[in-house]
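Presented below is the structure to which this report refers.
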Amino acid sequence: MKTNILLFALLSLVGCKSHDEHFTGDIHHVDIDIQNILEGKNFPTVHLSPVMQTQNDTEGFLVCDSLAFFFNYVSGEHFVDVYNMNTKEKIGEHIRRGRGRNEFVTIAPFSLLYKENGELKSLTNAPQENRYFIWNITESIKRGNDSIEKSSVQRWREFYSCPPRILAKFSDSLMVGTTASVRDDNGNLLSCPSIHIINYLNGYNVKTIQPFDNPIENDHSRILPERFFSGSTRVNIDTKKIITAYYYLPVISVVDLETLEVDGFLFDECLDYSIFETDMKIAKKCFARITSSDKYIYALWNGKNVFDKNIIDGFNILIILDWNGHLIEIIKTDKNLNNIYYDQFSDILYGCSEKESMLYQVNIEKI
């Protein structure tokens, strides 16, 4: 656990709120004035190139080469619509909702695409069916119906307080999953969000990592404690790391899935509010979404008041870091975005706008 008495004392002397005293890893301070981000000052503007129209009810997207995947986890007969970005045509509806063969009542979000023996695949879990499964995308598109590869039984009730969500296979026998903060039947907060190394073959938990102390309460905050550490999470297979950009904290956490080391990139420790100490009435949300390449981390900055629920307007500040937490660039996009995703197969950064119902390509090569 990180303990830096001198730093804490200095922060107390200057009257700042400490956002890092509960962080369990090493904090690295990013050389940036967060007030400039809040005010959107003097950042270069990057043009977004429209790729194709999207669905109005999109709840996330992934991209691989010429294929775009749009997800709807709440309604409809299928969870996934697949489009060819070259022709702009829908080429399939997949992962059928239901109780029949290869149908699922609910699934955790697909969060990563990967290739195995030349076939495109993605891993998730089906809590109602109590199992993890792999969607073989290549075979599904070829056959016109779903090719589901069964994985191990879910054992989350033995190890976790809720089913794992963000999932990725990062070796032949291991995968990574995340769990959120939840309350027990008595209303007590059980834990902070956790990252789990899971045995892919039998579903057993191998190791649990928590970037923040557990649990943390603040009776003054208007934000529910179980939402304190919510954020956007992505797995990067190339670097074998999992990153989270937090909605209410100016922190990006990085967990090495091989060494289990935890690092935090802290953008500002001198805000005049803290989820640990104050009511958060004047607070600004920090990050909206995050993605990464093998070289850089891309974080979409929010900047709205924490009680502003109109997120359809989107956000236009993109912060770019390297994997050591060094600031590379802060840019403005000429259109607002709600989500971003880096396609590791084509080395292209994409952004999605809910208001415009449009998938864009971010011209990062001009940065």
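Bear in mind that the values in this text are calculations on the coordinates, not laboratory data. Values in this document were obtained by computation on a predicted structure and should not be read as measured data. With ideal geometry, Cβ positions are generated from the backbone for all residues, glycine too; neighbour counts draw on all protein chains shown.
Here are some notes:
- A simple rule links phi to the HN-Hα coupling: the Karplus curve 6.51 cos²θ - 1.76 cosθ + 1.60 with θ = phi - 60°, which for region 322-335 gives 8, 6, 9, x, 7, 5, 9, 6, 10, 10, 9, 9, 6, 10 Hz, with x for Gly and Pro.
- Candidates Leu337, Leu249, Leu190, ranked by Gaussian network fluctuation over the chain, Cα under 10 Å, top entry: Leu190
- Exposure proxy order (Cβ contacts within 10 Å, fewest to most) of His94, His47: His47, His94
- Toward the positive end of the charge dipole of the chain, with +1 on the Cβ of Lys and Arg and -1 on the Cβ of Asp and Glu, the farthest Cα among Tyr83, Leu359, Ser111 is that of Tyr83.
- Charge context of Lys335, other residues only, Cβ under 14 angstrom, K/R +1, D/E -1: -2
- Of the residues Gly303, Pro44, Leu62, the one whose Cα sits farthest towards the positive end of the charge dipole of the chain is Leu62 (charges of +1 on Lys and Arg Cβ, -1 on Asp and Glu Cβ, taken about the Cα centre).
- For the set Lys142/Lys169; Lys90/Lys335; Lys304/Lys355; Lys121/Lys240; Lys88/Lys355; Lys115/Lys150, the pairs lying more than 21 angstrom apart at their alpha carbons are Lys142/Lys169; Lys90/Lys335.
- Relative contact order for the chain, counting Cα pairs under 8 Å that sit 6 or more residues apart, in percent: 18
- Simple Cβ-charge dipole of region 5-366, Lys/Arg +1 and Asp/Glu -1, about Cα centre, in debye nearest 20: 1000
- Neighbourhood charge, 12 Å Cβ-Cβ cut-off, centred on Ile243 and excluding it, Lys, Arg +1 and Asp, Glu -1: +2
- In terms of other Cβ atoms within 10 Å, Cys286, Cys192, Cys162 run from fewest to most in the order Cys162, Cys192, Cys286.
- Think of region 5-366 as having a plus end and a minus end, set by charges on the Cβ of Lys, Arg, Asp and Glu; of Gln53, Phe287, Ile148, Ile148 sits farthest toward the positive end of this dipole.
- Taking Ser75, Ser253, Ser173 in turn, the Gaussian network model of the chain (Cα-Cα springs below 10 Å) assigns the largest fluctuation to Ser75.
- Region 305-349 and region 232-282: distance between their alpha carbon centers, rounded to Å: 15
- Helical runs assigned H by DSSP (4 residues or longer) give the chain a calculated mean residue ellipticity at 222 nm of -1500 deg cm²/dmol, each run adding -39500 (n - 2.57) before division by the residue total.
- Prolate/oblate/rounded label for the chain (Cα gyration tensor, a/c 1.5): oblate
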